[in-house]
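Student: Let me give you the structure first, and then I'll get to my questions.
The values are calculated or read from the model by the stated rules, or taken from the named source; none is laboratory data. Small disclaimer: the values here were computed from a predicted structure and weren't measured. Quick reminder, even Gly has a Cβ in these numbers, built from the backbone with ideal geometry, and neighbours come from all protein chains shown.
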Amino acid sequence: MTQTQPLALIADDEPHLADYLQARLAELWPELRIAAVARNGLEAVAALKEHEPDVAFLDIKMPGLSGLEVARQADGCHCVFVTAYDQYAVEAFERDAIDYLLKPYSDERLARAVEKLRDRLASQRPADNRNLLETLRSALGGLPIGMLPQRLSWIRAGQGNDVKLIAVDDVCYFHAADKYTTVVTREGEYLIRTSLKELLEQLDPDQFWQVHRATLVNVRDIAEANRDFAGRVTLCLRSRPEKIAVSRAYAHLFKQM
């Protein structure tokens, strides 16, 4: 590690997003050298030990180990969390060495993180991840380090060679089929590999209701619920022409509609 050419680690299980971050850092911080790009938490820990980087940009949710768990092992390394989760406890980071970038972040927001990191490295202030992680734990109401905020604000969906970032509020419904889940918005449909079970754990239960074993609907997009003579319920949406079938197991949700 040198003061003139600091080393960095990028850890993100989405290759397109890791490549994007690397490209933006090349523009905003040209003297920074990327020592390694890790695709999961275990690779990130191995890269920390091998390269001893000055800075680590860590996705919070990764296979193997979360970014929070990786940060616990990043002694002497200034960590920046990069995540698609909403701004839950973001203020806990704004005044400290650990920063927090919410996807999709702007160049201006990334530039502020770079400026903060440059100042820390120039002043040779040691990274104190342990105390700052405890600050986060307190901000999350005492949850153990490693547990994640459970409210998604963005969905990352592949679209050709690009990654489409979809605001959760823009989703009309999710429909699962085979190994994929279709994300349906007013503008179109996109595929993700996240299961409905995983989505249910991360979405606001007051906004997204399961109405079928394969379907989650954004309640805000429901225009009306219709019941036929046999008691079957179908939903009409505000933003889509198709109707959504409600299974009998979930029909009770619409008794008052």
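Student: Which residues, taken from the range 218-244, are part of a strand (DSSP E or B), surrounded by 14 or more Cβ atoms within 10 Å (Cβ to Cβ) and of a type in the set (Gly, Ala, Ser)?
Tutor: ALA225 - this is the single residue of the range 218-244 that is part of a strand (DSSP E or B), surrounded by 14 or more Cβ atoms within 10 Å (Cβ to Cβ) and of a type in the set (Gly, Ala, Ser).
Student: Consider only pairs whose beta carbons are under 6 Å apart and that are at least six residues apart or on different chains; among these, list those whose first residue lies in the range 107-130 and is under 14 Å from PHE81 (Cα atoms) and whose second residue is at pLDDT 90 or above and assigned to a helix (DSSP H, G or I).
Tutor: From the range 107-130, the pairs are LEU110/ARG24; VAL114/LEU28.
Student: Out of all the residues in the range 1-38, which are surrounded by fewer than 18 Cβ atoms within 10 Å (Cβ to Cβ) and assigned to a loop (DSSP other than H, G, I, E, B)?
Tutor: Answer for the range 1-38, where residues must be surrounded by fewer than 18 Cβ atoms within 10 Å (Cβ to Cβ) and assigned to a loop (DSSP other than H, G, I, E, B): MET1, THR2, GLN3, THR4, GLN5, ASP13, GLU14, PRO30, GLU31.
Results for (1) assigned to a strand (DSSP E or B); (2) at pLDDT below 65; (3) more than 18 Å from the chain's Cα centre (by Cα); (4) farther than 21 Å from SER239 by Cβ, shown as yes or no for each residue.
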| position | (1), (2), (3), (4) |
| --- | --- |
| PHE93 | no, yes, no, yes |
| ASP119 | no, no, yes, yes |
| GLY142 | no, yes, yes, yes |
| ASP169 | no, no, no, no |
| HIS175 | yes, no, yes, no |
| VAL183 | yes, no, no, no |
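Student: Looking only at the range 227-248, which residues are touching a residue at least 12 places away in the same chain (Cβ under 8 Å) and more than 15 Å from THR185 (Cα to Cα)?
Tutor: Selection gives ARG227, GLY231, ARG232, VAL233, THR234, LEU235, ALA245, VAL246, SER247, ARG248.
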